[in-house]
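One structure is given below, encoded as C-alpha cells.
The values are calculated or read from the model by the stated rules, or taken from the named source; none is laboratory data. Predicted, not measured: the structure shown is a model, and the values here were computed from it. Glycine also receives a Cβ, built like all others from the backbone with ideal geometry; neighbour counts cover every protein chain displayed.
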C-alpha cells in the first residue's frame, strides 16, 4: 500500500468509533503500510466536467487518538485515487442508491471501487441469503397477516424482521400472535404493503450469532460470536450483545466458502455472513464490521490480510 491513495466513503467522520469501527482499523492499516487515507460522505460525491469527483478530506494520521481530519476539503476525480471503499452504513435509501449510480459511472471512467457498486445495487442483504436457502432456517418473505399467521402455525417461536434493518433494529420474537404481535406486524409492513422476513427461531442464538468475515472470497479463520446478554435474544453488538472471537467450525467453513466464491464473482471483496448454529441468516455486503474485536482478542488482523492481498 506504500504511496497509494485510499478513499473511504463513510458516515460523518465524528460518528466513527475508533475503539470498535472496522473502517477506522482499515484506515490505520493503510497508514501503517505507508498509504494516503482520504474520506468523504455520499453528499460529497458529484459529477462535473465529464468526471465523477468528490470533495475529500485527508485523515492526517489514523494512528493518532483522537483521529484528526483536514476539514478543508479538496476536489479529486475518483479515477485518480487508487482504491475507493464504499463504507456508508445503511439505510439503503434513495441517497445511498444515487451514490451507487455515481460510483458505477466512476467505474466506467476507470475508478477502482470496493465493494462493486453494481453488487450493492443488485442485492438486498437479507434476500441475498435466500440464494443459499439450503443453509438457512425456515424462511418466508411476506406482507399479509394471513401468511404471518400461517407461518406461526408451523413453529412455536418465530422471528420477524424488516428487509432493510441493521444492528438488530426492529427485530421481534413471538411465542404467540396476540393483538400486540399483529399490531407490530401491521406497522412493520406499512399496513401490509411492505414485505418483511419471518424465520423460525433458532435457540442456538444464545451460544452466539457468528459474524464470519469473507475476504476476497475466503473466510477469515476467526469469527466473532455475538452473544445475547440478559433477557435479550439479540446478539448484535449494537443491541447489547457481547462479542467473543472463536475459530470457525467445519460447517461454518463450508457455508462461508460457498458464499464467498459467489460473492467474489459478483465483485464483493469484503463481506460478513451471519450464522446461528449451522444456519445462515444474512449476508452483509454494505459495511460489515467485527474486525476490530477479532484483532483485539486474538492479535489476528482481518484488515491486514485484506490489504496484503491487494499488493
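Within the range 20-65, being within 19 Å of the chain's Cα centre (by Cα) and not in a loop (DSSP other than H, G, I, E, B) holds for 22, 23, 24, 25, 26, 27, 39, 40, 42.
Yes or no, residue by residue, for (1) modelled with pLDDT of 95 or more; (2) surrounded by fewer than 15 Cβ atoms within 10 Å (Cβ to Cβ); (3) under 21 Å from residue 162 (Cα atoms):
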site: 46; (1), (2), (3): yes, yes, no
site: 71; (1), (2), (3): no, yes, no
site: 108; (1), (2), (3): yes, yes, no
site: 119; (1), (2), (3): yes, no, yes
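For the range 287-300, the set of residues classified as assigned to a loop (DSSP other than H, G, I, E, B) and either modelled with pLDDT under 95 or buried (at least 20 other Cβ atoms within 10 Å of the Cβ) (or both) consists of 287, 288, 289, 290, listed by residue number.
Within the set 36, 41, the sole residue that is at pLDDT 90 or above, more than 17 Å from residue 5 (Cβ to Cβ) and in contact with a strand residue (DSSP E or B) (Cβ under 8 Å, 6 or more places away or on another chain) turns out to be 41. Of the candidates 186, 161, the single residue that is outside the structural domain of residue 228 (by TED's automatic domain parsing) and under 20 Å from the mean Cα position of the chain (by Cα) is 161. Only one entry of 241, 267 meets the criterion of being crowded, with 16+ Cβ neighbours inside 10 Å and at positive phi, and that entry is 267. When the range 120-133 is filtered for residues that are in a helix (DSSP H, G or I) and touching a strand residue (DSSP E or B) at 6+ places or on another chain (Cβ under 9 Å), the ones remaining, listed by number, are 120, 125, 126, 127, 128, 129, 130, 131, 132, 133. Reported count of residues in the range 301-311, each being out of contact with any strand residue (DSSP E or B) (no Cβ under 8 Å at 6 or more places or on another chain) and outside any loop (DSSP other than H, G, I, E, B), is 4. Every condition in (1) farther than 25 Å from residue 300 by Cβ; (2) at pLDDT below 95; (3) out of contact with any helix residue (DSSP H, G or I) (no Cβ under 9 Å at 6 or more places or on another chain) holds for residue 82 except the one numbered (2). Of the listed requirements (1) in contact with a helix residue (DSSP H, G or I) (Cβ under 6 Å, 6 or more places away or on another chain); (2) closer than 28 Å to residue 289 by Cβ; (3) at pLDDT 95 or above, residue 211 misses just one: (1).
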